[in-house]
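Visitor: Following this message is one structure expressed as structure tokens.
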Amino acid sequence: MISKILIPIDIATPLTTQALLETANEMALKFDAKVRLVAVIPDYGTPLVASFFPEHAQDKIKEETRKKVIELAGQYIHKDVKVSVIKGTKRVNAILKVIEETSPDLVMLGCRRKISRDEQRLLGSTTMAVTDRADCSVMVVRREASD
């Protein structure tokens with residue numbers, strides 16, 4: 001039974017995100033599941049790097065990202081949605097931390113089409129790591145056209 005779905009999204013890949021959210025909506029409605037969208041924004045990593053940015057730059061990025069995620073949720077998900085925007089130096093670690101904290105039944109990840117030199121389909125490093133290390137089921141939603 002799927003009652004909680006976690007959906008990490010990347011607002012920089014709109015076509016992949018659209019395909020992911022459309023599929024997530026179908027799953028959420030089918031199982032009457034609770035949905036949480038999470039976007040990871042880059043962390044400065046060190047105080048030295050942070051010193052090169054205006055004082056509230058990261059707060060502004062977080063708020064703008066949150067607005068965009070809420071807009072996407074309203075556009076594609078036909079259920080109540082929780083939205084989180086978190087900071088993370090490594091996207092995969094941030095996603096795994098949210099998985100640990102929220103204990104979803106299913107994580108849904110979008111994946112852009114990547115092809116190797118010998119025409120094999122590949123998963124990105126974040127998708128591969130979350131799929132490998134998550135303590136729950138993971139669904140990868142592929143979009144044929146690249147962003």
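Where a number appears in this text, it was derived from the coordinates with a stated rule and is not lab data. Predicted, not measured: the structure shown is a model, and the values here were computed from it. Every residue, glycine as well, gets a Cβ built from its backbone with ideal geometry; the counts of neighbours run over all protein chains shown.
Visitor: Antiparallel DSSP bridges in the chain: what percent, to the nearest 5?
Guide: Expressed as a percentage, antiparallel bridges in the chain total about 10.
Visitor: In a Gaussian network model over the chain where Cα atoms closer than 10 Å are linked, find which of Ala50, Ala33, Ala94 has the largest mean-square fluctuation.
Guide: Among Ala50, Ala33, Ala94, the largest mean-square fluctuation in the Gaussian network model of the chain belongs to Ala50.
Visitor: Could you calculate the contour length gain from Cys136 to Phe52, that is, 0.36 nm times the residue separation minus the distance between their Cα atoms, to one decimal place in nm?
Guide: Numbers: separation 84, 0.36 × 84 = 30.24 nm, distance 3.92 nm.
Net length gain for the segment: 26.3 nm.
Visitor: Tally Lys and Arg at +1 and Asp and Glu at -1 over the other residues with C-beta under 12 Å from the C-beta of Tyr76: what net charge comes out? It would help to have the intermediate numbers written out before the result.
Guide: Values: positive: Lys79; negative: Glu22, Glu26, Glu71.
Charge balance in the 12 Å sphere: -2.
Visitor: Turning to a different aspect of this structure: Who wins for biggest fluctuation among Glu26, Glu71, Glu55 in a Gaussian network model of the chain, springs between alpha carbons below 10 Å?
Guide: Comparing Glu26, Glu71, Glu55 in the GNM, the peak value goes to Glu55.
Visitor: Something else about it: Mind putting a number on the dipole of the stretch 4-143 about its Cα centre? Charges go on the C-beta only, +1 for Lys and Arg and -1 for Asp and Glu, and I need it in Debye to the nearest 20.
Guide: Using Cβ point charges on Lys, Arg, Asp and Glu, the stretch 4-143 gives about 260 debye.
Visitor: Within a 10 angstrom radius of the beta carbon, how do Leu96, Leu48, Leu29, Leu109 rank from fewest other beta carbons to most?
Guide: Ranking Leu96, Leu48, Leu29, Leu109 by Cβ neighbours within 10 Å, fewest first, gives Leu48, Leu29, Leu96, Leu109.
Visitor: Using a Gaussian network model on the chain with a 10 Å cutoff between Cα atoms, which of Val81, Val98, Val49 fluctuates the most?
Guide: Residue with maximal mean-square fluctuation among Val81, Val98, Val49: Val49.
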